[in-house]
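Notes follow the structure.
The values are calculated or read from the model by the stated rules, or taken from the named source; none is laboratory data. The shown structure was predicted, so the numbers you read here are calculated from the model rather than taken from an experiment. FYI the Cβ positions are ideal-geometry reconstructions off the backbone, even for glycines, and counts take in every protein chain you see. Keep in mind that these areas ignore ligands, DNA and RNA; they rest on the heavy atoms of the full protein, side chains included. Shrake-Rupley method; radii C 1.70, N 1.55, O 1.52, S 1.80 Å.
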Amino acid sequence: MKKYKIGYTQGTFDMFHIGHLNLLHQAKELCEELIVGVNTDQLVNEYKHKVPVVNEHDRAAIIGELRCVDRVVFCNTLDKTEAWQRVHFDAVFIGNDWKGDERWKQTEDDLKPFGAEVVYLRHTDGVSSSLLREKENEKIED
């Protein structure tokens, strides 16, 4: 039996890479059902001030095809209490590179009344969509 019944994680998942896959596999090991929120293009533009390379529908389709993912939902907010109201998760999973961040400390406090935990999973060092984008831009400039 797994520790959590319903687990949740959320991200942009642009230019899907091994760090994304590692996080999703780790999350699924801890929960019976893994729900993944895919940030909409509009949300990404609002908080990252950039347009994803891969559109939201294609990103959701990619995530939805993974064996470790049970359900995909689109997200228009970063607020995890709103996400909890939609899917009633027991745990929200995030990379441990966010541990100690003020936003995530607040998220921990915000989710306590719902009985939901923030679980920090091992981050895959040296890989991110931003780094991949930078490397690609360097190739183009050379």
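Sorted by accessible area with a 1.4 angstrom probe, largest first, how do His57, His49, His17 fall?
Numbers: His57 115, His49 145, His17 25 Å².
In descending accessible area the options line up as His49, His57, His17.
For each pair in Lys48/Lys99; Lys5/Lys112; Lys28/Lys48; Lys28/Lys99; Lys2/Lys105; Lys50/Lys105, compute the distance between the two Cα atoms and list the pairs where it is over 22 Å. Kindly include the intermediate steps, with their values, before the conclusion.
Details: Lys48/Lys99 20 Å; Lys5/Lys112 17 Å; Lys28/Lys48 27 Å; Lys28/Lys99 20 Å; Lys2/Lys105 25 Å; Lys50/Lys105 26 Å.
In this structure, Lys28/Lys48; Lys2/Lys105; Lys50/Lys105 lie more than 22 Å apart at Cα.
Rounding to the nearest 20 debye, state how big the charge dipole of segment 72-116 is about its Cα centre with +1 on each Lys and Arg Cβ and -1 on each Asp and Glu Cβ. Please report the intermediate quantities before stating the final value.
Numbers: 6 positive and 9 negative charges, 18 e Å.
Value, rounded to 20: 80 debye.
Carbon and sulfur together cover what percent of the accessible area of the chain at a 1.4 Å probe radius? Write down the numbers at each step before the final one.
On the way: 4070 of 8260 Å².
Accessible surface attributable to carbon and sulfur in the chain totals 49 percent.
Rank-order 95-105, 115-125, 3-13 by packing density, defined as the average count of other C-beta atoms within 10 Å over each peptide's residues, highest first.
Values: 95-105: 12.5, 115-125: 16.3, 3-13: 21.0.
Descending mean neighbour count gives 3-13, 115-125, 95-105.
Tell me the per residue accessible area of the chain using a 1.4 Å probe; a whole number in Å² is fine. Mind dumping the intermediate values first?
Numbers: 8260 Å² over 142 residues.
Spelled out: the 1.4 Å probe surface of the chain, per residue, equals 58 Å².
Let me cross-check Ile62: its accessible surface, 1.4 Å probe, with only protein heavy atoms counted, in Å² to the nearest 10?
80
Under unit Cβ charges (Lys, Arg +1; Asp, Glu -1), what dipole magnitude, rounded to 20 debye, does the chain have relative to its Cα centre? Kindly include the intermediate steps, with their values, before the conclusion.
Working: 19 positive and 26 negative charges, 89 e Å.
Computed charge dipole of the chain: roughly 420 debye.
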